[in-house]
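The values are calculated or read from the model by the stated rules, or taken from the named source; none is laboratory data. This one's a predicted model, so the numbers in the text were calculated from it and none came from an experiment. Ideal geometry is used to build each Cβ from the backbone, glycine not excepted, and the neighbour counts take in all protein chains shown. Just the protein is used for accessible areas: all its heavy atoms, side chains included, with ligands, DNA and RNA removed. Shrake-Rupley method; radii C 1.70, N 1.55, O 1.52, S 1.80 Å.
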Amino acid sequence: MKNRAPYYHQIGKEVEVFEHAYKNKIPFLLKGPTGTGKSRFIEYMAHKLDKKLITISCHEETSSTDLVGRYIIKGAETIWSDGPLTNAIKEGAIIYLDEIAEARPDVIVAIHSLTDHRRELFIDKLGKTVKAHEDFMLVASFNPGYQKGFKELKPSTRQRFIATAFAYPEAKIEAAILVNETNVDKDIAKKLVNIATKIRNLTELGLAETVSTRLLVDAAKLIHSGLPKRLAVEVAIVEPLTDDLDVVEALKDLCNLMI
Ligand code: ADP
């Protein structure tokens with residue numbers, strides 16, 4: 001029996017688009033800042049399509065070996081061990097490469113032949129090519145932050161995917177998400193979303209990333225479990241955003257007036 005579906009509130013037409021991408025096995029790129037529901041969306045879609053989901057959180061040390069596989073020593077023997085990408089290809093799972101631009105360049109090279117008509121993976125250490133299972137699908141996410149510190153994804157790689165942009169939902173929907181996720185009072189949810197909207201519009205603060213839905217969910221959880229509102233907002237929204245003491249003070253003052 002299927003587990004319960006993860007809660008996901010659709011924002012646009014992304015569910016329909018994903019279903020068609022899956023039918024046609026076109027690689028799918030989720031673009032957007034952190035905490036905008038990308039991972040939740042893919043969990044929801046995997047459940048809806050009844051497919052296994054294998055998620056890899058890419059970071060600067062993630063190499064193609066981590067994804068494809070490696071020889072390991074077991075007792076006196078050296079044996080080959082498939083990595084998560086190879087497993088997904090063989091089993092027909094959906095693989096989700098979260099923050100793909102963070103990974104080492106050889107990861108991008110390794111997935112190229114999976115993203116076109118070939119749908120195959122060359123395992124150089126085995127000198128073998130593995131054809132992808134019919135149900136296999138490649139999904140990746142990418143944070144197109146324009147600030148320093150974010151890595152770019154080359155056009156030649158981007159154009160191997162269809163792409164959907166994720167952003168912060170409109171206020172009503174975001175408040176509904178908070179209530180659904182945390183059971184917080186509707187009125188508090190609205191106030192938290194108002195705070196987020198206000199801070200998101202303060203572009204002059206020069207924050208690398210602004211208030212995500214994830215931060216609001218955390219604040220709502222703390223409030224729902226009984227932490228005083230102002231303290232919850234300070235630790236869940238203000239402090240994670242910046243270390244600049246003047247900005248922290250200014251944001252605290254602003255939030256105190258709004259919660
Ligand atoms: P990302 O992968 O974009 O960094 P997540 O998918 O982890 O973000 O989302 C962070 C949190 O925000 C989720 O755990 C969930 O509580 C909430 N969330 C964001 N968008 C949605 C949405 N559309 N529907 C349901 N929950 C959402």
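Couple of notes before you dig in:
- Within the straight-line cut-off of under 21 Å between alpha carbons, the lysines reachable from Lys38 are Lys13, Lys23, Lys25, Lys48, Lys51, Lys52, Lys151, Lys154, Lys172, Lys221, sequence neighbours fewer than 8 places apart in one chain being disregarded.
- With R₀ fixed at 35 Å, the C-beta to C-beta distance from Ala163 to His133 puts the FRET efficiency at about 0.90.
- Given charges at Cβ of Lys, Arg, Asp, Glu: the chain dipole, positive-most of His117, Ile188, His9: His117
- Normalised by the number of residues in the range 87-234, the mean separation of alpha-carbon contacts (under 8 Å, six or more apart) gives a relative contact order of 19 percent.
- For the chain, with all protein chains in place and a probe radius of 1.4 Å, 51% of the accessible heavy-atom surface sits on carbon or sulfur.
- In the chain, helical runs assigned H by DSSP with n ≥ 4 each contribute -39500 (n - 2.57); averaged across all residues and rounded to the nearest 500, the mean residue ellipticity at 222 nm is -11500 deg cm²/dmol.
- Local electrostatic count at Ile173 - Lys and Arg +1, Asp and Glu -1, tallied over other residues with Cβ under 14 Å: 0
- Cα-centre dipole for the chain with unit charges at Cβ (Lys and Arg positive, Asp and Glu negative), debye to 20: 860
- Here r is the Cβ-Cβ distance between Asp243 and Leu202 and R0 is 22 Å; the resulting FRET efficiency, rounded to 0.05, is 0.85.
- Take every pair of alpha-carbon atoms less than 8 Å apart whose residues are at least six positions apart; their mean separation over the length of the chain yields a relative contact order of 20 percent.
- Charges were assigned to the Cβ only: +1 to each Lys and Arg, -1 to each Asp and Glu. The resulting dipole of the range 9-102 about its Cα centre is roughly 360 debye.
- Set of aspartates and glutamates near Lys229 by C-alpha distance (under 20 Å), chain-local residues within fewer than 8 positions excluded: Glu174, Glu181, Asp185, Asp187, Asp218, Glu239, Glu249, Asp253
- In the context of the full set of protein chains, residues of the chain present 54 Å² of accessible surface per residue (probe radius 1.4 Å, heavy atoms only).
- Three-way shape call for the range 128-216 based on the alpha-carbon gyration tensor, with the a/c threshold at 1.5: oblate
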